[in-house]
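Student: Would you mind keeping the following structure in view while I ask a few things?
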């Protein structure tokens, strides 16, 4: 029953790590809203059952974060990236020509997303995957972390309303004021922005690699057929 159940690196990097950041952000959010004046105590040791429960909860939050981060596609920068072909005009025309020769003249009028999906399924059927999974995984990783760090930046900014934010670890007590919280929030926001840029970059890599591989595959097939 569980022989096909596998834990992949993407489960760790794509869901668990962003989920941990989201969990920290939610803890800060609830602390800031409901107990802003109370010190926050960080436990140095936790029972194994609690660690397991927190890990599973963070993993689920990572999935939720990925679902919410899909809304990033609605942003103008993302629309500009994903609603156009990430190729030169000449290469774009060659891909459209190859698609129309294989699927009919209607293929030239397809939207960029539809053309990518058609070429992607063609390559899957032909067994030519290339670096497809790597680009998809990294795109998802950066998209999820963009949302996670953006949420962390917002909660840190909210925590600046009531200072100091007192954190107790073992016997050490530390107070964080607006300067420390503001700097950390700015760093988290910068991280979210950089993750967003990486998300767009690997989205381009995913699409351009697929289209170029489709063009190479169809051109190679034509040459082989001509030689035969």
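Student: Does residue 28 qualify as being in contact with a strand residue (DSSP E or B) (Cβ under 9 Å, 6 or more places away or on another chain), buried (at least 16 other Cβ atoms within 10 Å of the Cβ) and at pLDDT 90 or above?
Tutor: yes
Student: Give the residues of segment 122-136 that are over 12 Å from residue 213 (Cα atoms) and within 23 Å of the chain's Cα centre (by Cα), sorted by residue number.
Tutor: Within segment 122-136, 133, 134, 135, 136 qualify.
Student: For residues that are farther than 15 Å from residue 208 by Cβ and under 29 Å from the mean Cα position of the chain (by Cα), tally how many sit in segment 100-117.
Tutor: Going through segment 100-117 one residue at a time, the tally reaches 3.
Residue-wise test of (1) on the phi > 0 side of the Ramachandran plot; (2) at pLDDT below 95; (3) assigned to a helix (DSSP H, G or I).
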residue	(1), (2), (3)
163	no, yes, no
167	no, yes, no
175	no, yes, no
180	no, yes, yes
185	no, no, yes
191	no, no, yes
197	no, no, yes
204	no, yes, yes
208	no, yes, yes
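The values are calculated or read from the model by the stated rules, or taken from the named source; none is laboratory data. Quick caveat: nothing in here was measured; it's all calculated off a predicted structure. No Cβ is skipped: glycine too gets one built from the backbone with ideal geometry, and neighbour counts run over all protein chains shown.
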